1. Quickly run through the stretch 211-228 and pick out the residues that are surrounded by fewer than 17 Cβ atoms within 10 Å (Cβ to Cβ) and closer than 30 Å to residue 39 by Cβ.
2. What about residue 118, is it β-branched (Val, Ile, Thr) and open to solvent by less than 60 Å² (accessible area, probe 1.4 Å)?
3. Take residue 58 and tell me if it is more than 29 Å from residue 206 (Cβ to Cβ) and at pLDDT 90 or above.
4. Pull out all pairs, ordered by first then second residue, where Cβ-Cβ is under 7 Å, the residues are six or more apart or on different chains, the first lies in the stretch 167-189 and is within 18 Å of residue 223 (Cα to Cα), and the second is of a type in the set (Lys, Arg) and assigned to a helix (DSSP H, G or I).
5. Please work out if residue 175 is within 30 Å of residue 40 (Cα to Cα) and either part of a helix (DSSP H, G or I) or polar (S, T, N, Q) (or both).
6. Only one residue in 165, 231, 202 is open to solvent by less than 30 Å² (accessible area, probe 1.4 Å) and part of a helix (DSSP H, G or I). Which one?
7. So, in the stretch 106-154, how many residues would count as being in contact with a Gly (Cβ under 7 Å, 6 or more places away or on another chain) and among the aromatic types (Phe, Trp, Tyr)?
8. Given the conditions (1) of a type in the set (Ser, Thr, Tyr); (2) surrounded by fewer than 21 Cβ atoms within 10 Å (Cβ to Cβ); (3) more than 20 Å from residue 74 (Cα to Cα), which single one is not true for residue 240?
Amino acid sequence: MTKSQKRVVSLLAVFSIFYCLTPPAGAMHIMEGYLPFVHSIAWGVLCLPFLAAGLFSIKKTVSEKRKTLLLLAMVGAYAFVLSALKIPSVTGSSSHPTGTGLGAILFGPSPMAVLGIIVLLFQAILLAHGGLTTLGANTFSMAIAGPFVTYGVYRLCKALKVNRLVAIFLAAALGDLFTYCVTSFQLALAYPSEVGGISASLAKFMSVFAVTQIPLAIIEGLLTVAVVIGLESWAKPELTQLGYLKGAEA
């Protein structure tokens, strides 16, 4: 990013942190209207710097790596399809694969914030999956927190020279699980337990989510590996341009 772009992202980050730390004056997708209004606004504001960074990252990809645009569109569609496969879970929410791990591994975590919010917006309007008032919270958990963990795990495995396919599996699966850790925290923060407060509520939400989400995370990890194997055969030029494949590997 250029200096001016970094300045914009930094200013939005400072604004987001300030807003979320300041109490209001006078006072897998979380469904529509389930979060208190202040929580909905706060999570939305917290997403702003990540969305700005994602837009700048996509702009750079468009200008420097045009051959990868079809691949970028594909990872967005992949996230849309997988995250639309919902299984009822905790009251007011649902379990499903996230589909954002593939894009985070190939393009980095920042573009997934933009692709993720587009996916969530379409799902809220067309499928009644998630909601407009909870768009910020769902974006933060599925399109920001999850992809950053996925990318971090993948880079760590790569630095430790872990087998690439094993690294992809671990990154996608753990990114999926972390998404639901964040969702559980968001729900616990909005609805703390009368006995034990936020921590007790968090443990309760996470334990219920675990029943469906751990198997789903394993499935998403395996599916992501299968998709990458396919891409390594059919999209070598694009993967090489992204830096995923080196010259010798391609």
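The values are calculated or read from the model by the stated rules, or taken from the named source; none is laboratory data. As the structure is a prediction and not an experimental result, all values here were calculated from the model. In this analysis, Cβ positions are derived from the backbone assuming ideal geometry, glycine residues included, and neighbour counts consider all displayed protein chains. Surface accessibility is based on the protein's heavy atoms, side chains included, excluding ligands, DNA and RNA. Shrake-Rupley method; radii C 1.70, N 1.55, O 1.52, S 1.80 Å.
1. 211, 214, 215, listed by residue number.
2. No.
3. Values: more than 29 Å from residue 206 (Cβ to Cβ): yes; at pLDDT 90 or above: yes.
Yes, satisfied.
4. 167/158
5. Taking the combined requirement at face value, the residue satisfies it.
6. 231
7. 1
8. Of everything listed in (1) of a type in the set (Ser, Thr, Tyr); (2) surrounded by fewer than 21 Cβ atoms within 10 Å (Cβ to Cβ); (3) more than 20 Å from residue 74 (Cα to Cα), residue 240 misses just condition (3).
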